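Some notes on the structure that comes next.
Throughout, read-outs are computed from the coordinates displayed, never taken from laboratory work. Just so it is clear, the structure is predicted and the values come from calculations on it, not from any experiment. For neighbour counting, all protein chains shown are included, and Cβ atoms are generated from backbone atoms with ideal geometry for every residue, glycine included.
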Amino acid sequence: MRRRAARVLLLDPAERILLLHGFDPLVPGRTWWFTPGGGVEGEEELADAARREVAEETGITGIALGPLVARRSSVFSFDGRSFDQDEWYYLARTGTTALDASGQTELELRTVDEMRWWSLPELLASTETVYPEGLGSLLASLLAAGPPDRPVRLPCPTPWSTMDEHTHS
C-alpha cells in the first residue's frame, strides 16, 4: 500500500516532545515510540491531515502548526499489511499537555498503550526504539537553530526496523 503521511513533532510549553508508545498486534513483544500523525485521506492537504491526526490520537486541538521540517520514505509491515510511505514532518506547538485517547481508531486503541511528553535529554538518553530514527538529533537541531530552510531528509529505517514500525491510517 503506497501512501502519504503527515507526522507532527509536537512541543509543549516546556519544549518537550509528545511521543506515543505502541506495538504491532501480530508481534506484541516488539514496541517503539513514535510521533503523532498518519495517512493523508483522499485529497486532504498535509497540514489538514497533521491537525486531524493530532486531534484524533491525542485529543489536542488548536495546535500552532509550524513549517515542514523533515521528510523520509519508509517501507514496513503493520498488522499484516505492507506499506510504502512518504512521510512529512511538521514542527508544531501546543499550550496544553492534557491527553485524551478517546478519538483514536479501534486499531490505535488496541496498539497504542501510552502517550508521554519527553524532554530532549530524556529522548537523547533513551535506549528504547524511537521513530523516526535520529529524532533526538533532529529535535536538538530544531531547538538550537530553529527550522531549516527546506525539510531535511531523514534516513530510511534499517531493514530490521521496518518490521517494527507503527503508523496510523
#### Entry: Length released on extending from Ala98 to Ala125, taking residue separation times 0.36 nm less the Cα-Cα span
7.3 nm
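Determine the percent antiparallel among the DSSP beta bridges restricted to the chain, to the nearest 5.
Given both bridge residues lie in the chain, the antiparallel proportion sits at roughly 65 percent.
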### Query
Distances over 18 Å make up what percent of all Cα-Cα pairs in region 109-159?
44
#### Entry: Spread of Cα-to-Cα distances over 10 Å intervals beginning at zero, given as percent, for region 54-103
21, 33, 38, 7
## Note on the structure
Note to self, the chain gives a 222 nm [θ] from helices alone (DSSP H runs n ≥ 4, -39500 (n - 2.57) apiece, / all residues, nearest 500) of -6000 deg cm²/dmol
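Could you list the GluC sites (Glu not before Pro) in region 20-108 that lie in coil according to DSSP, counting only those with at most 13 other Cβ atoms within 10 Å of their Cβ? The partial results should precede the final answer.
On the way: sites: Glu41, Glu43, Glu44, Glu45, Glu53, Glu56, Glu57, Glu87, Glu106, Glu108; in loops: Glu41, Glu43, Glu44, Glu45.
Filter output for region 20-108: Glu41, Glu43, Glu45.
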### Query
Using the C-alpha atoms of region 11-167, what convex hull volume per residue, in cubic angstrom, is computed?
114
